[in-house]
Every structure is written in C-alpha cells, then in structure tokens.
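Since the structure comes first, as structure tokens, the remarks are kept for the end.
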Amino acid sequence: ETLQRIVSTLANKNDEIHNFIDMLNHTIKNVQVNSSSAISELDEEFDGLYSVLGEMKGSMTNTIQQEEARKIQALQDQLSQCSNALESSEELLELAAQSLDIKDPVEFLKAARQIKDRVTVASAFRISLKPKVSDSMTHLMVDFALERRMLQAVKFLPVPKAPEIDLAACLVADNCITVSWRMPEEDSRIDHFVLQYRKTDFDGLPRVKDEQRWELIDYIKATQYTLSDLKFDTKYMNLRVQACNKAVAGEYSDPVTLETKAFVFRLDSTSSHLNLKVEDTYVEWDPTGGKGQEKIKGKENKSRSGAPSPKRTSVSTRCSVRGSRDHFTGESYTVLGDTAIGSGQHYWEVRAQKDCKSYSVGVTYRNLGKFEQLGKTNSSWCIHINNWLQTTLSAKHNNKTKTLDIPVPDRIGVYCDFDGGQLAFYNANSKERLHTFRMKFTQPLLPGFMIWCGGLTVSTGLQVPSAVQTLQKSENGLSGSTSSLNNIA
C-alpha cells in the first residue's frame, strides 16, 4: 500500500511535469510569435513617423517656394517699372541736351516747355526706390531642437502590470458570471482590458492539453465585465485579464477558477412512451411511434434486461431511471430525465410549442409505474397545461388537482430544493411564481414530462435565478402562506 501511494504520487508529479513542459513549449512558441509581431509593429510605427516627417517637410518646402515666388515676382515687377522710368529719363536727358544747342530763341523756348511738361509727369519721380519685399527668409526657418530631444528620449512604452482579479467581487448567478479586477497601481496610460475565459472540469491551474481554447472579449473599458446567457455544463470556468495601453499589452493576471456547477440532465429515451420521439433535451409527440413496435417490445426488454444502463457523472447523483425498466405505455405519455436529484437546489426550464395541446412538467420518485401519469400518484408532483377548448393551468399531486388562475407562460422554470422540501414553478421570463409544493422528499427525484400533441424543449445547466432565490426566502418567512396539494383535496 505504501509503495502504491509512492507510485501514485510519482505518477501525479509526472503528470504535473508533463503539463508544465507543454506549457513551457507553448510559451516559447508564443514568445517567438509575439516578438515577430512586436518588430512588425515597431516598423509600422517608425514608418508612420517617417511618413509624417516627410509630409511636414514637403508642406514646409512648398510654403518656402511659394514665398520665394511671391517675393521674386514683386521685385521683378518693381525692376520692370524702374527700367521703364530710367529709359524715359534717359530719353528726356538726350532731348534736353539737344535743346541746349538750339540758337533760335523761339524754338528754344518751345522745346524747353515741352521738356518741362514731360519731366513734370515723368514716371521716374513717382516710383519708390525702396524694395517692396525683403530678401530675408528667416521667418520660414524651423527649430527642431525640442523635437530632436523628444525623439532621442523615445523609449518603449512601459508594459502594463498584470491586473489582479478580485475573487470576492466576482459573482456567479442568473446564468451569468461577473468578473471584477483592479490594477496593482494606478496607470493612466491603460487604454482597455482583454478578458479570456474557458470552461473546464479541472479546479486547478489551466492546462495546455485536454482543454477548450480560450474565448476572448476585447476592448473592455471598465474594470469589470459580465458574461451572460451561459450554460453551465462544466464544473468550473477559468478566467484571466490583460491590461493594454495604446501600443503594448501586459501579462495576463493569475487565472482564477470559479465554480459553475449546475444541474445537467438529458431525457431518457430508453423508457419513454413509444409515441414520444426523444432527442437529448427535446421531446415530441409522434402518433405513429408505437405502431409495429409493440410486438417486439417484449423482445427488446428481454435483451436489455441483463445490461445495466450507463451512468453519467455530474454534480448531482447521476444514474439511469432504472435499468431495464419498461416503456411507459397506455395514456402515460411520459419521459423522465436521466439524472436523479438527491440533494441541493436545482433549476431548469421548459418551453412548449405553440400547438402543444396538453403537457405536464414536474418531478417523480423512480417508482412511477408504466401506466401512471405525473401528478396522479402520491410520489409525483407537477403542473399541467391543457390547451384544448380553453387554456387552463393546474397543479397536480396524488390524483388531486388545484386550478391556478394564472396566465400560462411560454417558458416555465422549475426550482427544486430537495433538502428544503420545496418544488416551485415560475414564469421563466418574469420570475413570477406559479405554484409551490412543500414536501419532505424521502427518495431521489427525477424530472418528469408528459406531452400529448406538440413538443417540449428542456433547458438545463442553468443557475438558480437570484429572483427565484429571493422569492423562496420570502416565502419561507411566511409560514403557511402557500397552499400545498399535499394538504388539500
């Protein structure tokens, strides 16, 4: 025995080492992939910076060229004006020199007047002899000293620290998981968070092998997130969070494992009525199902009598309804769940097709006979919906019926508190209570369903809704306020 314990311990340690080696190899591959990705992103950032600088240089060069062209045009216009004025002045000077050589006084006076009149309006006296623009271009110079120092100071963005998941603030309820976390120290550069989760049946650290892949929720701005509309068909869920700034993501937080066990069952087709077509969590009325099968039913039962039905492992005690039990027959159009409830609080929901004429939803001990119907024995409880000429809803137990003056919901929730002795039915949408049975259960219970004309869909793996828990606590505080068919006609 000691040697077996030692060998078992060694085998467990080997499994842990193998798992750790797998994780290390997986991490090495991730380092290589992430390094290549980081280099590519670095190239993109610098290419983007080069592009911005190139665009700025082109824009500034264009501004300088435009200013140069404007100034040169203004100076050339001024130069042309001066050249014209100079040419006119030189012409007048030559004419004046010629006039000084005229001997005839009359001709001299006439020429002098003409020269005087032309000089008076000469352009040389109206032009400015100061350049219109300066040759300075210093106002278009740039100083990148500050920017150069900033670029020289550029370093990798600091990697955000790993967040810390606040396990006490995490909540599992109403088919949802709310995850809360915080940063070990304040970091104003955090842009968003990434949440990863996956379902698992292991309560320890995440494994590389034999696990589902991580599901990812990206760009979470707050420090909490709610995963909704979950089906808790595994015992646990691994969760981890990563902080990201504009350019880099930090390490993931230490993963946490939240318990998510719930009541999961399927419909047991091995003993259902032959007029019922059963597929996992769906049952449908099939009026032709029993024809041609009654003759061989005895042979089928005989062939099965020596083979116990397989058992499935879950939070609740899992077992077949009863190995080699007969099919329900006659008017007992019944199918049972394949998993018994022996303790705890559990919840499941049922949705009926709109054309469903008659159906019952409830629980029963294993001893329900093949001709018996739900609610017509002292070991079964149900609510029954009749959709014939008018729709009626009633509670049944021990062949006694109580009519419930409540609208029939399209989805019914079933709450079973085995230890507390309560079986309650709810409008699954509004969580309004339809009826509650109070009873001390003495044997394990099986979910039971009866249907005639139509189909039922069963939803399992659901958490007990918080609204239902609140109502149950409230009802427990009102002693005797809820009538029970266990105590009435």
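Does the stretch 199-209 contain any residue that is assigned to a loop (DSSP other than H, G, I, E, B), modelled with pLDDT of 90 or more, open to solvent by less than 40 Å² (accessible area, probe 1.4 Å) and touching a strand residue (DSSP E or B) at 6+ places or on another chain (Cβ under 9 Å)? Before you say what the answer is, go through the steps one by one.
Our first condition is that a residue be assigned to a loop (DSSP other than H, G, I, E, B); within the stretch 199-209, this holds for 201-209.
Filter once more, so that each one left must be modelled with pLDDT of 90 or more: none.
Looking for residues that are assigned to a loop (DSSP other than H, G, I, E, B), modelled with pLDDT of 90 or more, open to solvent by less than 40 Å² (accessible area, probe 1.4 Å) and touching a strand residue (DSSP E or B) at 6+ places or on another chain (Cβ under 9 Å), one finds none in the stretch 199-209, hence no.
Of the residues LYS402, LYS431, which single one is open to solvent by 10 Å² or more (accessible area, probe 1.4 Å), on the phi > 0 side of the Ramachandran plot and among the basic types (Lys, Arg)?
Working: LYS402 fails: on the phi > 0 side of the Ramachandran plot.
Within the list LYS402, LYS431, the selection yields LYS431.
Can you go through ASN30, ASN84 and tell me which one is more than 53 Å from the chain's Cα centre (by Cα) and without any contact (Cβ under 8 Å) to a residue 60 or more places away in the chain? Let's see the steps before the verdict.
Working: ASN30 fails: more than 53 Å from the chain's Cα centre (by Cα).
Answer to the check: ASN84.
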Has the stretch 30-48 got at least one residue that is of a type outside the set (Asp, Glu), closer than 30 Å to LEU140 by Cα and in a helix (DSSP H, G or I)?
yes
Filter pass, GLN98 being open to solvent by 100 Å² or more (accessible area, probe 1.4 Å) and assigned to a helix (DSSP H, G or I):
yes
Would you confirm whether any residue within the stretch 176-195 is in contact with a strand residue (DSSP E or B) (Cβ under 9 Å, 6 or more places away or on another chain), open to solvent by less than 90 Å² (accessible area, probe 1.4 Å) and modelled with pLDDT under 90?
yes
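Look at SER466 and say whether it is at pLDDT 85 or above and closer than 26 Å to ASN367 by Cα. Before you say what the answer is, go through the steps one by one.
Numbers: at pLDDT 85 or above: yes; closer than 26 Å to ASN367 by Cα: no.
Considered against the rule, which asks whether it is at pLDDT 85 or above and closer than 26 Å to ASN367 by Cα, SER466 comes out as no.
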For the stretch 152-175, give me the residue count where each residue is in contact with a strand residue (DSSP E or B) (Cβ under 7 Å, 6 or more places away or on another chain) and part of a strand (DSSP E or B).
4
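How about the stretch 405-426: which of its residues are open to solvent by 30 Å² or more (accessible area, probe 1.4 Å) and outside any loop (DSSP other than H, G, I, E, B)?
Let us first name the residues in the stretch 405-426 that are open to solvent by 30 Å² or more (accessible area, probe 1.4 Å), namely 405-408, 410-411, 419-420.
Of everything in the stretch 405-426, just one residue is open to solvent by 30 Å² or more (accessible area, probe 1.4 Å) and outside any loop (DSSP other than H, G, I, E, B), namely ARG411.
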Please report, ordered by residue number, the strands (runs of 3 or more DSSP E) entirely within the stretch 215-271 with at least 2 residues that are more than 30 Å from PRO444 (Cα to Cα) and open to solvent by 70 Å² or more (accessible area, probe 1.4 Å).
215-220, 224-227
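If you go through the stretch 113-143, how many residues are in a loop (DSSP other than H, G, I, E, B), under 60 Å from the mean Cα position of the chain (by Cα) and surrounded by 11 or more Cβ atoms within 10 Å (Cβ to Cβ)? Even if it seems obvious, please write down each step before you answer.
In the first step, residues of the stretch 113-143 are kept if they are in a loop (DSSP other than H, G, I, E, B); the result is 121-122, 126-137, 141-143.
When the remaining residues are screened for being under 60 Å from the mean Cα position of the chain (by Cα), the result is 137, 141-143.
When the remaining residues are screened for being surrounded by 11 or more Cβ atoms within 10 Å (Cβ to Cβ), the result is 137.
The number of residues fulfilling the criteria is 1.
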Single unsatisfied condition, LEU157 versus (1) open to solvent by 60 Å² or more (accessible area, probe 1.4 Å); (2) modelled with pLDDT under 85; (3) more than 60 Å from the chain's Cα centre (by Cα)
(3)
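The values are calculated or read from the model by the stated rules, or taken from the named source; none is laboratory data. From a predicted model like this one, the values you see are computed outputs, not experimental measurements. Backbone-built Cβ (ideal geometry, glycine too); neighbour counts: all protein chains shown. Remember, those area values only see protein heavy atoms, side chains included, never the ligands or the DNA or RNA. Shrake-Rupley method; radii C 1.70, N 1.55, O 1.52, S 1.80 Å.
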